[in-house]
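Notes follow once the structure below has been shown.
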Amino acid sequence: MSNSAIQSGQPSLSNEEREYEMRALISSIWTGGRLFIGIYTFMLASLVFSYFYLRSSDTGLLWRPDHVTAPRAFGFLIFGLSLVTGLLAYVGRKRLVMGSFQDFSVAAWSGVVTGLIALLLQIIELSHLSFYPGSSGYASTFIGFAVMNIVSLVISAYWLETTVARGMRIRREVEGENPEFSSNPRARAFRADVAAMSYFQVFLTLAGALLFAMFYLM
Amino acid sequence: MTISDERSTEVSGPVSGHPHNTRKLSWTQRPGLLSQNLLTAIVFGVIGYLIGHWFGNYLASGYSYIANSGQNSIANTLALAFGVVGWLGGIGALNYPFAKLFGVDGLEEESPVDNWSKYFRYSLDHKIVGLQYVVGVLLFMFTGGLLAMAIRTELLNPTTHIFSPDVYIKIVSEHGTIMMMMATSIIVGPLGNYFVPLMIGARRMAFPRIEALSFWIFTAGYMVIFSALPYGGFPTGWTGYAPLQTQAGPGMVSYLLGFAVIGLGMILAGFNQAVTIINYRAPGMTWSRVPVFVWSILATAALLTLATPVLFAGGLFGLLDKTVQTAFYVDEHGGSSYLWQNLFWFFGHPEVYIMALPGFGIAGELLPVFCRRPLFAYKVSAAGMIGVALLSFFVWQHHLFQSGINPDMRPLFMLTTELISIPTGFIYLVGMGTLYRAKIRFELPMLFVLALFFNFLIGGVTGVFLSDVPVNVTVHGGFFVLSHFHYTIMGGLLFAFMAGLYYWLPKMTGKMMNKKIGKVHFWLMFVFFNLTFFPMFIIGLLGQPRRVFTYATNLQGLNDFSSISAFILGFSFLVFFFNLVYSMWIKPEVAPANPWESLGLEWQTATPVPSYNFERIPVIMTEPYRYSEEGAPAFADFGPKDAPDSPTHTMA
Ligand code: HEM
Ligand SMILES: [Cu+2]
């Protein structure tokens, strides 16, 4: 029994029991990742609902006078960069599963960078709008979209960064074992985290495509 | 493989992911002045508030609600938002998210301080969080209750006034909002957090940090919504309808941000509960063996996680309207005030079931114990809860029957609303079936459960009346609706909460609540609850509108009757608080290990519950609630403690 367990008065469990809890932990990451997608879907859906609600009400014919549109160049750039981020997360995970932590970490760090550039552009875009926030229904929902997109980009970059930072730390601390193969509990939790993360990034990219189409193309 | 085989080959290290694998304590967790606790949270919260205020004024000075008023909505919003962040940072909730950037993972957790001060800290122990929530929701209830007393005082007389009409509506609004926010957490927070892991045989929560965060966000939300009063209040009632929302002063920001913050806490709490219940059930606890209280929390968690994001987004849009002058809810600029109403009620109706299901869960959990027989049609009640949760997403328009909804849509939502009373009825009938010809033990918790069934019958049946469009047209916006939802929420949920407290406090604290005082509390609360709210049905049918500080003089008799009953009802809560203080501190009486002779798992572990809940992972052997059954096996096998060679304790 380890010293620490005695200190906190915690009884020691058998390996079988530990494994049971370890599996619960791993599957919690799985469930949590999926449920988070559910939560996020409902939040984004509120925006989509608002968009179509205001569009079909068209109160005072002020849904979108003169078909104003947010600067398309920014839109393409921001969406393009988030697409790249999503792809990098996806491919990075694939490479990790195939055994290359190196590739994963290159992909993830690049994803952090592209994500942060997208974030920066999204903020700058707000000072390049050709309309006032309250000038129309479209203008309002666009501001709402921009704010949510900022949140999404922050979450995306944060989750990518924290997983890759964790992977590197595990590599350092668990000497001689690679996080992509090790049966060390922390490595296992790490892999589950990466899986949930890449799943979420793909979701964000798909949702982002829909929102991009709504606000810049339609 | 049996657990005993394994005992000799224990391994050490951060394997189980249990929150209490000790490491060296960082300074933030050590006792002493420099550690993080409630005090640092307050200090950081105030500093955050001031910085936010300054920053807002820096960004947008001279940008006021009312010309030259010096009230700047951006400064207000940022002050409150930074205040919340400061509060969370001060308590230590942001340490880990920050450490994560450097690759620190959740398995290297710190053991918390183990003295009285742990109750004032960011704690990863779900039992401490549960107790913190008890205090938190009681504080909510107390402040909301004081406002209710103010309302009933004003309504004593239709012509002599204590408050101006506009102060009155602000009191009503604050009362409603505080109570609704409290009601979303009143059971999930204290009892859900404390007991769900114990009842499913888990040694921890899935996400202890998220759980703790949800509590500290909850308290922050309380302060934000309370700040509405010093900011001058908001005039919209708890529903925050635009265009009044758009026209209102700075107190509205507190409402919008408060709801968004509380909403975030609700999402996180539900998230953690759902994931825990799905993944951390002990071996042998199949879905048909999950206690019905846990089922109710799972259904509630589904609503918390999926409906609340809509409230969050709705609040965010409202804040954007207030600060950067978007026009989401402003008809004159291409928005729509109905948009708010739709977003609000899309959340709001699931919300009412967030406030109903946990109450039924407690009722279903306690009935078998005090009737000494299995829960009648257990599976029907679990299915009913899931059914209610699903259907509750399809009925929100019944709050908008009078709000310019396309008249052709009304029958549809009338139908869905009436449909939802079917699963609700099932849950109710499960209770009746269990009670039918049972030898009931009329202990205190049971009295509250019986009262719940009485009250909810009235609350539920009037709901069906309300969903009928022609009836709705005549009573909408009046005291009839008011009485309906007080019967369901206060008469249902709050009575269930009291039942739960009387039932479980002996486990949580090791002390019994005094029975005599408890009986006084119960009878006062039950009788005067009904005497307060039943007349309001009549008052409503006679045409008195809600949220107005005066009324037709011929209604004074009924109103006075209701007000005086309300004061006694308020007094009954003082009796409860007195009982709490008396039984916990003045004259504590040690509770027996299992005072109600329950078979539930939560009563089978030691009191006080050790931080790891169970010495060994229990193995569930059979269905719950097999009371008075000859030869029924024990509910769970707790494994050998000192004699490791028990052949029965297998996890397969
Ligand atoms: C049998 C089930 C129920 C039915 C059919 C039902 C139906 C309704 C309807 C149609 C309304 C709209 C009345 C109006 O504003 O004109 C309403 C209002 C309300 N109900 Fe229910 N209800 C039921 C159960 C509940 C439960 C269980 C709760 C809470 C625990 C609840 C809480 C509320 C609240 C808070 C409002 C009014 C909100 C407001 O306008 O401020 N109801 N109900
Ligand atoms: Cu409703």
(request) Determine how large the accessible area of A:Ile78 is when every protein chain is in place; take a 1.4 Å probe and give Å² rounded to the nearest 10. (result) 0 Å²
(request) Please identify, among A:Ser100, A:Ser152, A:Ser82, the residue showing maximal mean-square fluctuation in a Gaussian network model of chain A using a 10 angstrom Cα cutoff. (result) A:Ser100
(request) Any lysines with Cα under 26 Å of the B:Lys379 Cα? List them, leaving off those in the same chain fewer than 8 positions away. (result) B:Lys439
(message) Calculate the FRET efficiency for B:Phe534 and B:Phe142 from the Cβ-Cβ distance with a Förster distance of 35 Å, rounded to the nearest 0.05.
(response) 0.90
(message) Straight-line reach only, C-alpha to C-alpha below 19 angstrom: list the lysines that B:Lys127 could link to, leaving out same-chain residues fewer than 8 apart.
(response) B:Lys118, B:Lys507, B:Lys511
(request) Select from segment A:103-202 those chymotrypsin sites (Phe, Trp or Tyr not before Pro) which occupy a DSSP coil region and have at most 13 other Cβ atoms within 10 Å, ordered by residue number. (result) A:Phe181
(message) Which one, B:Phe234, B:Tyr49, B:Phe533, projects farthest toward the positive side of the charge dipole computed for chain B from Cβ point charges (K/R +1, D/E -1)?
(response) B:Phe533
(request) Work out from phi, with θ = phi - 60° and the Karplus expression 6.51 cos²θ - 1.76 cosθ + 1.60, the ³J(HN,Hα) of each residue of segment B:329-336, listed in order in whole Hz, and give x for Gly and Pro. (result) 10, 9, 4, 5, 10, x, x, 7
(message) Ordering A:Ser127, B:Ser572 by accessible area with a probe of 1.4 Å, largest first, what comes out?
(response) A:Ser127, B:Ser572
(request) Compute the accessible area per residue over chain B, keeping the other protein chains in place, probe 1.4 Å, unit Å². (result) 37 Å²
(message) Charges at C-beta only: +1 for Lys and Arg, -1 for Asp and Glu. How large is the resulting dipole of chain B about its Cα centre, in Debye rounded to 20?
(response) 920 debye
(request) Take B:Met223, B:Met355 and sort them by solvent-accessible surface of the protein heavy atoms, 1.4 Å probe, largest at the top. (result) B:Met223, B:Met355
(request) Have a look at A:Ala189, B:Tyr122, B:Ile178 and report the one farthest towards the positive end of the charge dipole of the protein assembly as shown, computed about the Cα centre with Cβ charges (Lys/Arg +1, Asp/Glu -1). (result) B:Tyr122
(message) Using protein chains only and a probe of 1.4 angstrom, how many square angstrom of B:Lys379 are accessible, to the nearest 10?
(response) 140 Å²
(message) Give me the inter-chain shielding for B:90-101: mean count of other chain Cβ atoms within 10 Å, whole number please.
(response) 1
(message) Please list B:Leu412, B:Leu580 from largest to smallest accessible area, probe radius 1.4 Å, with all protein chains kept in place.
(response) B:Leu412, B:Leu580
(message) Just to check, using Stokes-Einstein with a Kirkwood Rh over alpha carbon pairs, what's the diffusion coefficient of chain A at 10 °C and 1.306 mPa s in µm²/s?
(response) 81 µm²/s
(message) Ignoring ligands, DNA and RNA, please state the percent of accessible area on the protein assembly as shown from carbon and sulfur, probe 1.4 Å.
(response) 69 percent
(message) Rounded to the nearest 20 debye, what is the charge dipole size of the protein assembly as shown about its Cα centre when +1 sits on each Lys and Arg Cβ and -1 on each Asp and Glu Cβ?
(response) 580 debye
(request) Estimate for me the total accessible surface buried between chains B and A (protein heavy atoms, probe 1.4 Å, no ligands or nucleic acids), in Å² to the nearest 100. (result) 5700 Å²
(request) Round to the nearest 10 and report in Å² the accessible area of A:Val154, as given by a 1.4 Å probe over the protein chains' heavy atoms. (result) 70 Å²
(request) Name the residues whose placed amide hydrogens come within less than 5 Å of the amide hydrogen of B:Ile405, ignoring near sequence neighbours (fewer than 5 apart) on the same chain. (result) none
(message) Taking the Cα centre as origin and putting +1 on Lys and Arg beta-carbons and -1 on Asp and Glu beta-carbons, what dipole magnitude results for segment B:529-652, to the nearest 20 debye?
(response) 820 debye
(request) Classify the protein assembly as shown as rounded, prolate or oblate, taking a ≥ b ≥ c as the square roots of the eigenvalues of its Cα gyration tensor: rounded when a/c is under 1.5, otherwise prolate if a/b is larger than b/c and oblate if not. (result) oblate
(message) Tell me which of A:Ser82, B:Gly318, B:Ile91 sits at the most positive position along the dipole axis of the protein assembly as shown, charges placed on C-beta atoms (Lys, Arg +1; Asp, Glu -1).
(response) B:Ile91
(message) At 0.36 nm per residue, and after removing the present C-alpha to C-alpha distance, how many nm does the segment from A:Val106 to A:Ser127 gain when stretched out fully?
(response) 4.3 nm
(message) Which of the three applies to chain B, rounded, prolate or oblate, going by the alpha-carbon gyration tensor with a ≥ b ≥ c and a/c under 1.5 meaning rounded?
(response) oblate
(request) Would you calculate, for chain B, the mean residue ellipticity at 222 nm contributed by helices, counting each DSSP H stretch of 4 or more residues as -39,500 (n - 2.57) and dividing by all residues, to the nearest 500? (result) -19500 deg cm²/dmol
(request) Check every DSSP H run in chain B and write down those whose alpha carbon atoms cover 15 angstrom or more along the long axis and whose mean Kyte-Doolittle hydropathy is 1.6 or greater. (result) B:444-467
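The values are calculated or read from the model by the stated rules, or taken from the named source; none is laboratory data. Since the structure is predicted, the reported quantities are computational estimates derived from the model, not experimental observations. Glycine also receives a Cβ, built like all others from the backbone with ideal geometry; neighbour counts cover every protein chain displayed. Surface accessibility is based on the protein's heavy atoms, side chains included, excluding ligands, DNA and RNA. Shrake-Rupley method; radii C 1.70, N 1.55, O 1.52, S 1.80 Å.
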